[in-house]
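Colleague: First, the structure itself, so that you have it in front of you.
The values are calculated or read from the model by the stated rules, or taken from the named source; none is laboratory data. Treat the numbers as computed from the prediction; the structure is a model and nothing was measured. Because the Cβ atoms are built from the backbone with ideal geometry, glycine has one as well, and the counts that use them run over all protein chains shown. Heads up: the accessible areas ignore ligands, DNA and RNA and are worked out on the full protein's heavy atoms, side chains in. Shrake-Rupley method; radii C 1.70, N 1.55, O 1.52, S 1.80 Å.
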Amino acid sequence: MDDDTMRQQEAETASWNLDQIVTELRASRELTHNIRHQGQIRELPSRKALLGIVEGLCAALFPTHYGRADLNEANIDYFVGHTLNQTLPLLQDQVRKGLLFASDTDDSDERSLAQRASRITSDFASRLPIIRGLLYTDLQAAYQGDPAATSTSEILLCYPGMTAVIYYRIAHALHELGSTLVARLTSDIAHSSTGIDIHPAADIGSHFFIDHGTGVVIGETTVIGQRVRLYQAVTLGAKRFTEGENGVLVKGEPRHPIVEDDVVIYAGATILGRITIGRGSVIGGNVWLTQSVPAGSHVMQAQMRTSTTIQPKSLSERIGQWSI
């Protein structure tokens, strides 16, 4: 870079009035628009680090699909052990940062938070076989529920719904163990890459399948039973929010649907509020539903426009009527 170019850049920099801008930004951060948790600078978990951690956990759960293609019976266990040995300390550090961020204690308790992070990570690691067992049932549900699926490997490699469920199972375990911020970040990473938004606190049973998946939203207090199938753009959301005495929304109140076993919800359906979708029901595409329905119900748009009550159909009436 020649002297004339350097002088021109210095002149341009001087014209930006950076000193004043920096001073005004400090005033915004510290005084007028302070958004820091409890008003303090806290060390935050890293999305970039968590992405690498989740990829490592996926490689440990499904080593030949997300790890290395050249693995064999002689080296696969070594690969899994080595991957976990590298990944779990990184996870523990992110859990510690999440706990420190949320803590209302001073720095003198940082050691106790580190010990708690260690326990959470150890408990999480012990759950990995259970998580993989649940994911096996999700894979089976996807293979059996989609005639286009040629193998479980195709589902693992190509289905965004499966990716979102894997991330959800990991995030849900972390959330249950008390690492809520890291769990939420993990879910948001999945949301960013798949377009599927599953809150880690949602309670989802085995054999869960999201087909296609883009635009699916599953809220924080949703409860989903076993063998449930969702299609794209389904929303399991809240109808209204309760305000406390100070006008702030009440946190954690049950406000999302309960979906019982063996329910199918087709594309674009919106189900809102703490209502129950009875076992074995079928909810048609683009239905807007804010009332509970009994077991065996068959709900479609025309019915929602003309009827204030919903009656269950017999098994013979329901068989073969819905397919995609």
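Colleague: Please go through region 215-269 and give me each residue that is farther than 23 Å from Asp138 by Cα and either part of a strand (DSSP E or B) or touching a His at 6+ places or on another chain (Cβ under 7 Å) (or both), ordered by number.
Modeller: Once the filter is applied, which keeps residues that are farther than 23 Å from Asp138 by Cα and either part of a strand (DSSP E or B) or touching a His at 6+ places or on another chain (Cβ under 7 Å) (or both), region 215-269 yields Ala238, Glu243, Leu249.
Colleague: Enumerate the pairs (first residue in region 169-192 and β-branched (Val, Ile, Thr); second residue anywhere and surrounded by fewer than 19 Cβ atoms within 10 Å (Cβ to Cβ) and part of a helix (DSSP H, G or I)) with beta-carbon separation below 6 Å, excluding pairs fewer than 6 apart on the same chain, so at least 6 apart or on different chains.
Modeller: That search, which allows pairs on different chains as well, returns Ile189/Leu51.
Colleague: Turning to a different aspect of this structure: Give me a count of the residues in region 60-117 that are open to solvent by 70 Å² or more (accessible area, probe 1.4 Å) and among the small types (Gly, Ala, Ser).
Modeller: Summing the residues that are open to solvent by 70 Å² or more (accessible area, probe 1.4 Å) and among the small types (Gly, Ala, Ser) in region 60-117 gives 3.
Colleague: Taking Gly285, is it open to solvent by 30 Å² or more (accessible area, probe 1.4 Å) and either at pLDDT 95 or above or part of a loop (DSSP other than H, G, I, E, B) (or both)?
Modeller: Values: open to solvent by 30 Å² or more (accessible area, probe 1.4 Å): no; either at pLDDT 95 or above or part of a loop (DSSP other than H, G, I, E, B) (or both): yes.
Considered against the rule, which asks whether it is open to solvent by 30 Å² or more (accessible area, probe 1.4 Å) and either at pLDDT 95 or above or part of a loop (DSSP other than H, G, I, E, B) (or both), Gly285 comes out as no.
Colleague: Which pairs have Cβ atoms under 7 Å, sit 6 or more apart or on different chains, and link a residue in region 88-108 that is over 12 Å from Leu185 (Cβ atoms) to one that is assigned to a loop (DSSP other than H, G, I, E, B) and at pLDDT below 85?
Modeller: Final answer for the pair search is Leu100/Arg42; Leu100/Glu43.
Colleague: Could you tell me which of the residues Thr186, Thr121 is open to solvent by less than 20 Å² (accessible area, probe 1.4 Å), in a helix (DSSP H, G or I) and farther than 30 Å from Arg255 by Cβ?
Modeller: Details: Thr186 fails: farther than 30 Å from Arg255 by Cβ.
Of the residues listed, the single one that is open to solvent by less than 20 Å² (accessible area, probe 1.4 Å), in a helix (DSSP H, G or I) and farther than 30 Å from Arg255 by Cβ is Thr121.
Colleague: Across region 268-282, what is the total count of residues that are open to solvent by less than 40 Å² (accessible area, probe 1.4 Å) and more than 20 Å from His207 (Cβ to Cβ)?
Modeller: 5
Colleague: Could you check, for region 102-122, whether at least one of its residues is modelled with pLDDT under 95, within 24 Å of the chain's Cα centre (by Cα) and over 30 Å from Gly205 (Cβ atoms)?
Modeller: Yes - at least one qualifying residue is present in region 102-122.
Colleague: In region 25-44, is there at least one residue being within 27 Å of the chain's Cα centre (by Cα) and modelled with pLDDT of 80 or more? Walk me through it before giving the result.
Modeller: Kept after step one, since they are within 27 Å of the chain's Cα centre (by Cα), are these residues of region 25-44: 35-38, 41-44.
Now restrict to residues that are modelled with pLDDT of 80 or more: 44.
Yes, region 25-44 contains a residue that is within 27 Å of the chain's Cα centre (by Cα) and modelled with pLDDT of 80 or more.
Colleague: Let me ask something additional. Of these, Ile196, Ile204, which one is at pLDDT 95 or above, surrounded by fewer than 23 Cβ atoms within 10 Å (Cβ to Cβ) and among the β-branched types (Val, Ile, Thr)? So that I can check it myself, show each step before the final result.
Modeller: On the way: Ile196 fails: surrounded by fewer than 23 Cβ atoms within 10 Å (Cβ to Cβ).
Answer to the selection: Ile204.
Here is a yes/no grid of residues against (1) touching a helix residue (DSSP H, G or I) at 6+ places or on another chain (Cβ under 9 Å); (2) among the basic types (Lys, Arg); (3) open to solvent by 30 Å² or more (accessible area, probe 1.4 Å):
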{"site": "Met162", "(1), (2), (3)": "yes, no, no"}
{"site": "Thr214", "(1), (2), (3)": "yes, no, yes"}
{"site": "Gly219", "(1), (2), (3)": "no, no, no"}
{"site": "Tyr231", "(1), (2), (3)": "no, no, no"}
{"site": "His256", "(1), (2), (3)": "no, no, no"}
